[in-house]
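Next up is a structure, given as structure tokens.
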Amino acid sequence: MAATQQPQQMQQSQARELSSDQQHALSALDSLRALDSDRAKIATGYEALRTSSIVWIAIVFGLLTFTYWLMPQAWFNRFNLPWNPLWLVAALLAMSLLLLIAATMLNSRRQGIAPQWQMPKLVMRSRRYQLALVAHFFVNFIPPILALAVGYATTAWWSAVAVTLIGAVINGVMEAWEFDETVRALKQHTAPEPSHLDSSAEAHHDLG
Amino acid sequence: MTSDNPQPVFNEIIHAPIRLRICGLLDTYGTMRFDVLRDTLEISDATCSKHLKTLTEHDYIQLDKKASEGGKAYKVTWVRLTREGKQAFQSHVAALRQIVAGQ
């Protein structure tokens, strides 16, 4: 009698142990899923700032591109101004910087999150974000070089408008790409897939 | 410094659901305003304060009270993880992953 009871008790104790382990694993999984869900919630709020962020970046970098166009004009004093035109370039550079800082602070205030020098680790690890960042870095050189060359070649007003628009559009598109990849990375699920939990649950069910 | 592969260490203080979620948000987003944390977690002022107090007592977070903009009388609280907090949180998440993986 005792000999038949012993394996039964062992089986029951194993089942209890498995059940307890499983409960711990499920609880841990729930915790990890809650972290994913909170992160995604903030990312959704961040997504609401997409248009305003892109517009700000386009304005700032459009202004910067115009400043590059103005540099050769100022250097050769082509507008025959009575004062040193390089001051105008310096003023525009300062204005661009101030606008960028204002946009960053405004976004930070609206979101309730302090500005970060670096994107969260999760975003930095994303291959798609890295690709957008590298592309943005290289494309970034196109508007200034183009603006300097055009500014050197002509003083026509439409050339200033054209390079400003090119600078604004290129940087706006790049910002949109980076922004989308940032949101995508923040919304990704990092909690592991519970496949082994499902199979052990089935095994446990069989034991019962 | 926090490493990319933290040692899994289960932390009872951080494991409480609200505290874990607070640390998770701060680990990703850096410094956050009190009201944003409270609203994201959908908890009351008192609950949020209570959990922040516990985390502060263990030196896992730092609270900075700054004057609000517009010359209003109240102060705005900004919350951020300390280096110890970041390490403890990341080690705890590693421990949770280990539990889920059945190791």
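Among the numbered criteria (1) farther than 25 Å from A:Gln22 by Cβ; (2) not in a loop (DSSP other than H, G, I, E, B), which single criterion is violated by B:Asp59?
All conditions pass for B:Asp59, except number (2).
Within the stretch A:133-150, track down each residue that is of a type in the set (Gly, Ala, Ser) and either modelled with pLDDT under 95 or closer than 20 Å to A:Ser53 by Cβ (or both). Break it down stepwise before answering.
Looking only at the stretch A:133-150, we keep the residues that are of a type in the set (Gly, Ala, Ser), and these are A:135, A:147, A:149.
Within the stretch A:133-150, just A:Ala135 meets the criteria.
Spot the failing condition for A:Thr104; the list is (1) free of Cβ contacts under 8 Å to residues at least 40 places away in the same chain; (2) farther than 30 Å from B:Gly24 by Cα; (3) of a type outside the set (A, V, I, L, M), and only one is missed.
Among (1) free of Cβ contacts under 8 Å to residues at least 40 places away in the same chain; (2) farther than 30 Å from B:Gly24 by Cα; (3) of a type outside the set (A, V, I, L, M), the lone unmet condition for A:Thr104 is (2).
Given B:Thr82, B:Thr28, B:Thr47, which one is crowded, with 18+ Cβ neighbours inside 10 Å and closer than 23 Å to A:Ile42 by Cα?
Numbers: B:Thr82 fails: crowded, with 18+ Cβ neighbours inside 10 Å; B:Thr47 fails: crowded, with 18+ Cβ neighbours inside 10 Å.
Of B:Thr82, B:Thr28, B:Thr47, the one residue that is crowded, with 18+ Cβ neighbours inside 10 Å and closer than 23 Å to A:Ile42 by Cα is B:Thr28.
Please count how many residues of the stretch A:48-60 are in a helix (DSSP H, G or I) and either of a type in the set (S, T, N, Q) or under 18 Å from the mean Cα position of the chain (by Cα) (or both). Walk me through how you get there before you give the answer.
At the first step, the residues of the stretch A:48-60 found to be in a helix (DSSP H, G or I) are A:50-60.
Cutting the leftovers down to either of a type in the set (S, T, N, Q) or under 18 Å from the mean Cα position of the chain (by Cα) (or both) gives us A:50-58.
Here the count works out to 9.
Can you find a residue that is surrounded by 15 or more Cβ atoms within 10 Å (Cβ to Cβ) and in contact with a Pro (Cβ under 9 Å, 6 or more places away or on another chain) anywhere in the stretch A:90-106?
Looking only at the stretch A:90-106, we keep the residues that are surrounded by 15 or more Cβ atoms within 10 Å (Cβ to Cβ), and these are A:92-93, A:96, A:99-100, A:103.
This time we only want the ones that are in contact with a Pro (Cβ under 9 Å, 6 or more places away or on another chain), so: none.
No, the stretch A:90-106 contains no residue that is surrounded by 15 or more Cβ atoms within 10 Å (Cβ to Cβ) and in contact with a Pro (Cβ under 9 Å, 6 or more places away or on another chain).
For the list (1) under 21 Å from the mean Cα position of the chain (by Cα); (2) in a helix (DSSP H, G or I), I need the number of the one condition that A:Trp87 fails.
Of (1) under 21 Å from the mean Cα position of the chain (by Cα); (2) in a helix (DSSP H, G or I), only one is false for A:Trp87: (1).
Determine which single condition B:Phe10 fails, assuming it passes every other condition in (1) hydrophobic (A, V, I, L, M, F, W, C); (2) at the interface with another protein chain (Cβ under 10 Å from one of its Cβ atoms); (3) surrounded by 18 or more Cβ atoms within 10 Å (Cβ to Cβ).
For B:Phe10, the exception is condition (3).
Looking at the stretch B:77-103, which of the residues that are within 9 Å of chain A (Cβ to nearest Cβ) and over 21 Å from B:Ile13 (Cβ atoms) is farthest from the chain's Cα centre (by Cα)?
B:Gly102
Also, I was wondering about something else. In the stretch A:54-89, what count of residues is obtained for those that are surrounded by fewer than 19 Cβ atoms within 10 Å (Cβ to Cβ) and among the polar types (S, T, N, Q)?
3
Let's see how each residue does on (1) within 14 Å of chain B (Cβ to nearest Cβ); (2) farther than 10 Å from A:Trp69 by Cβ:
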site: A:Ile113; (1), (2): yes, yes
site: A:Arg125; (1), (2): yes, yes
site: A:Gln130; (1), (2): no, yes
site: A:Phe138; (1), (2): no, yes
site: A:Phe141; (1), (2): no, yes
site: A:Gly151; (1), (2): no, no
site: A:Trp158; (1), (2): no, yes
site: A:Ala168; (1), (2): no, yes
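If you go through the stretch B:35-48 one residue at a time, do you hit one that is touching a residue at least 12 places away in the same chain (Cβ under 8 Å), away from every other protein chain (no Cβ under 14 Å) and assigned to a helix (DSSP H, G or I)?
yes
OK, next. Restricting to the stretch A:114-132, and then to whatever is surrounded by 12 or more Cβ atoms within 10 Å (Cβ to Cβ) and either over 14 Å from the mean Cα position of the chain (by Cα) or farther than 22 Å from A:Gly45 by Cα (or both), can you tell me which residue is modelled with the lowest pLDDT? Working first, answer last.
Of all residues in the stretch A:114-132, those surrounded by 12 or more Cβ atoms within 10 Å (Cβ to Cβ) come to A:114-116, A:119-126, A:128-132.
From what is left, the residues that are either over 14 Å from the mean Cα position of the chain (by Cα) or farther than 22 Å from A:Gly45 by Cα (or both) are A:114, A:130-131.
On the way: A:Ala114: 93, A:Gln130: 96, A:Leu131: 97.
Ranking the qualifying residues of the stretch A:114-132, first place goes to A:Ala114.
Let me ask you something else. Of all residues in the stretch A:45-66, which are at pLDDT below 95 and either farther than 14 Å from A:Glu175 by Cβ or of a type in the set (Asp, Glu) (or both)?
Matches in the stretch A:45-66: A:Gly45, A:Glu47, A:Ala48.
Go through (1) under 11 Å from the mean Cα position of the chain (by Cα); (2) within 14 Å of chain A (Cβ to nearest Cβ) and name the single condition B:Lys53 misses.
Evaluating B:Lys53 over (1) under 11 Å from the mean Cα position of the chain (by Cα); (2) within 14 Å of chain A (Cβ to nearest Cβ) leaves (2) as the failure.
Check off (1) part of a helix (DSSP H, G or I); (2) over 18 Å from A:Ala176 (Cα atoms) for A:Leu81 and give me the number that stays unchecked.
Of everything listed in (1) part of a helix (DSSP H, G or I); (2) over 18 Å from A:Ala176 (Cα atoms), A:Leu81 misses just condition (1).
May I pose another question? Go through the stretch B:1-44 and report how many residues are closer than 17 Å to B:Lys86 by Cβ and of a type in the set (Val, Ile, Thr).
Within the stretch B:1-44, residues that are closer than 17 Å to B:Lys86 by Cβ and of a type in the set (Val, Ile, Thr) number 7.
The values are calculated or read from the model by the stated rules, or taken from the named source; none is laboratory data. From a predicted model like this one, the values you see are computed outputs, not experimental measurements. Note that each Cβ is placed from the backbone with ideal geometry, even for glycine, and that neighbours are counted across all protein chains shown.
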